[in-house]
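Enquirer: Once you've had a glance at the structure underneath, I'll fire off some questions.
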Amino acid sequence: MVNQSSDPEFERRARLSVVWHDLVNPVRAIIDYQQIIVEEAERFGLADCKPDLDRVLAAAWSLNELVESLRAPATVAEPEDGLAGFQATLRHDLRTPLNAIIGYSEMVLESLEADARTEMLKADIVRLLAEARQLLDRIDAIVDFERAGTGGKLGEDTDDSAQAAVTELLQKLRPVRDPNVRRESGRILAVDDNKSNRDLLKRRLTHEGHFVVVVESGNRALSILEDQSFDLILLDLLMPGMTGIEVLERLKADERWHAIPVIMISGLQEADAAIRCIEAGAEDYLTKPFNLVLLRARINACLERKHWQAREREYLARLQEEKERSDALIRNILPAPIVLRLNEGETIIADRFESASILFADIVGFTPAAAVMPPAHLVDRLDQVFSEFDVLALSLGVEKIKTIGDAYMAAAGLPQPRHDHAEAIVEFALGILAALERVNTANDQEFKIRIGIHSGPVVAGIIGRNKFIYDVWGDTVNIASRLESQGLPNQIQVSQVVQEALAHRYHFERRGTIALKGRGHTQTFLVGVHRPA
């Protein structure tokens, strides 16, 4: 790093900057008050006061111009007798317009007659005089280059803690030249109609580690953007043909380029030019001739911000991908309408359905066979069978509820009611028999399955906090389970309720009455393979 005590020019600039900082706010307040006073005098028709009020405003702007010159210390020539001579001159030059402001304002105040129209105007002139007199009283203390330095004595109205604070600030404000500090590099497009400017920009920025492309016009810049991508654009404001502001507006209106940060570079010093460019979407505004250190800092800040934004977009994309994966997993576990209700904020989901159909299917003799199967073989066989059932359920609009070991439970008519739930569940049962036959043929095995179906009222909802499950409860569920457990291999046993609902569509064989636990003797039927003509 550069030795901070060995740069007298930086010390000089810093001293002037501290003085400017203490002067600029009271001077701006004086100008603002005087502008309000002039407007009020015009509104009240006080023409006699206008010449003196205009003189006050002119003196205020003269004072402001003097203060603003301190913002560009390089343009402030240091007298032969050093800062001490400049300090005396500056104090004198500041007092001159301040005395004019106070003198003319007092004359206006004395000339105003006492009436309701002028009370507000008088109050504002009193405020302006207070600001001007306070600043005049503080001129010596403010324009004290010793108190703004790092090693001199402070004025009588300051103390050691103030000096320490100023010293610390100057140390922190000094540009860092540490080679170990990481600087962003990127692809930069520089647009300037001046050949020398383009050459200097390219050489300087290439030396900083950037890849730089320079073009001479806005049209050429838009053309090259069609084929190449850039991290930053340096754009001259004043160019023949298409001006920089027109190029900027084109860039921000095109979704391909609107995210590219743009730093405007111009010889125009007016604040309006900078404001217009920022409003049009520019990231920053630098005036020519620009300070290389400032340019480097602005470019590095823009590139760092853009890279952080790119990393943020990448992170958000990964989050969205994870969310979609999570949502897909939830949709595989829960019915789609239930997922939608959860996403909308419902915490307790429980519904009663007056009419739905429940199916239980259990592979016959699977438990003894599983005891001698290798685990991987067992899981693979169950996966083949139940995957076939899942595909079939999806195609028929039947809701898989869960698997319990080698048993499969499904429902029709929930979570969205449907009038043909009994028909849908019987079609699903017939499909199960056909699917199991295909799997048996493919694997040279002879698994058989029992199926039980019953229709009636049920309650369905979500249970669990960490692991959700959509489940169904009620007497209808219990009867369907017992119809399956007391059924026959490769047969679909249904209750009389199901048989009566579908007698017009399927052939049923009366099995007779069987004893169902908790229900006594119950009439049951087997679904025939052939349907009635």
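The values are calculated or read from the model by the stated rules, or taken from the named source; none is laboratory data. Everything numeric here is computed off the predicted structure, so don't read it as measured data. So basically every Cβ, Gly included, is an ideal-geometry build from the backbone, and we count neighbours across all protein chains shown.
Enquirer: Being of a type in the set (Phe, Trp, Tyr) and assigned by TED's automatic domain parsing to the domain that holds residue 485 is the filter; apply it to segment 311-361 and report the residue that is nearest to residue 433 (Cα to Cα).
Expert: 360
Enquirer: Kindly establish whether residue 379 is assigned to a helix (DSSP H, G or I), of a type in the set (Val, Ile, Thr) and touching a residue at least 60 places away in the same chain (Cβ under 8 Å).
Expert: Details: assigned to a helix (DSSP H, G or I): yes; of a type in the set (Val, Ile, Thr): yes; touching a residue at least 60 places away in the same chain (Cβ under 8 Å): no.
Criteria not met by residue 379.
Enquirer: Scan 363, 401 and give me the residue that is surrounded by 16 or more Cβ atoms within 10 Å (Cβ to Cβ), within 21 Å of residue 458 (Cα to Cα), among the aliphatic types (A, V, I, L, M) and in contact (Cβ under 8 Å) with a residue 60 or more places away in the chain.
Expert: 401 is the lone residue from the list that is surrounded by 16 or more Cβ atoms within 10 Å (Cβ to Cβ), within 21 Å of residue 458 (Cα to Cα), among the aliphatic types (A, V, I, L, M) and in contact (Cβ under 8 Å) with a residue 60 or more places away in the chain.
Enquirer: Then there is this: So which of 419, 454 is within 49 Å of the chain's Cα centre (by Cα) and either surrounded by fewer than 19 Cβ atoms within 10 Å (Cβ to Cβ) or not in a helix (DSSP H, G or I) (or both)? Steps first, answer last, please.
Expert: Numbers: 454 fails: within 49 Å of the chain's Cα centre (by Cα).
From the options 419, 454, the qualifying one is 419.
Enquirer: Search segment 229-244 for residues being of a type in the set (A, V, I, L, M, F, W, C) and under 11 Å from residue 257 (Cα atoms), and hand back the single one that is surrounded by the fewest Cβ atoms within 10 Å (Cβ to Cβ).
Expert: Per the criteria, the residue is 230.
Enquirer: Let me ask you something else. Would segment 437-447 turn up any residue that is farther than 21 Å from residue 384 by Cα and not in a helix (DSSP H, G or I)?
Expert: Scanning segment 437-447, I find no residue that is farther than 21 Å from residue 384 by Cα and not in a helix (DSSP H, G or I), so the answer is no.
Enquirer: So which of 198, 220, 250, 203 ends up being within 20 Å of residue 287 (Cβ to Cβ), out of contact with any Ser or Thr (no Cβ under 8 Å at 6 or more places or on another chain) and among the basic types (Lys, Arg)?
Expert: Numbers: 220 fails: within 20 Å of residue 287 (Cβ to Cβ); 250 fails: within 20 Å of residue 287 (Cβ to Cβ); 203 fails: within 20 Å of residue 287 (Cβ to Cβ).
Only one candidate qualifies: 198.
Enquirer: In addition: Those residues that are more than 27 Å from residue 312 (Cβ to Cβ) and touching a strand residue (DSSP E or B) at 6+ places or on another chain (Cβ under 7 Å), I need them from segment 222-246; list them, please.
Expert: 224, 236, 237, 238, 244
Enquirer: For segment 462-501, enumerate the residues that are charged (D, E, K, R) and either under 23 Å from residue 335 (Cβ atoms) or touching a residue at least 60 places away in the same chain (Cβ under 8 Å) (or both). First the steps, then the outcome.
Expert: Restricting attention to segment 462-501, the residues satisfying the condition of being charged (D, E, K, R) are 465, 467, 471, 475, 482, 484, 500.
Across segment 462-501, the qualifying residues are 465, 467, 471, 475, 484.
Enquirer: Are any residues in segment 283-341 surrounded by 13 or more Cβ atoms within 10 Å (Cβ to Cβ) and basic (Lys, Arg), and if so, which ones?
Expert: Correct list: 288, 296, 298, 305, 306, 331, 341.
Enquirer: Looking only at segment 214-228, filter to residues that are among the aliphatic types (A, V, I, L, M) and more than 17 Å from residue 196 (Cβ to Cβ); which one of those is surrounded by the fewest Cβ atoms within 10 Å (Cβ to Cβ)?
Expert: 224
Yes/no per residue for (1) under 19 Å from residue 217 (Cα atoms); (2) without any contact (Cβ under 8 Å) to a residue 40 or more places away in the chain; (3) not polar (S, T, N, Q):
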{"site": "239", "(1), (2), (3)": "yes, no, yes"}
{"site": "254", "(1), (2), (3)": "yes, yes, yes"}
{"site": "268", "(1), (2), (3)": "yes, yes, yes"}
{"site": "284", "(1), (2), (3)": "no, yes, yes"}
{"site": "315", "(1), (2), (3)": "no, yes, yes"}
{"site": "326", "(1), (2), (3)": "no, yes, no"}
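Enquirer: I want to confirm something. Restricting to segment 22-56 and keeping residues that are closer than 14 Å to residue 131 by Cβ and more than 45 Å from the chain's Cα centre (by Cα), which single residue is surrounded by the fewest Cβ atoms within 10 Å (Cβ to Cβ)?
Expert: 37
Enquirer: While we're here: Out of (1) of a type outside the set (Phe, Trp, Tyr); (2) over 24 Å from residue 477 (Cβ atoms); (3) surrounded by 14 or more Cβ atoms within 10 Å (Cβ to Cβ); (4) in contact with a Lys or Arg (Cβ under 8 Å, 6 or more places away or on another chain), the odd one out for residue 412 is which?
Expert: (2)
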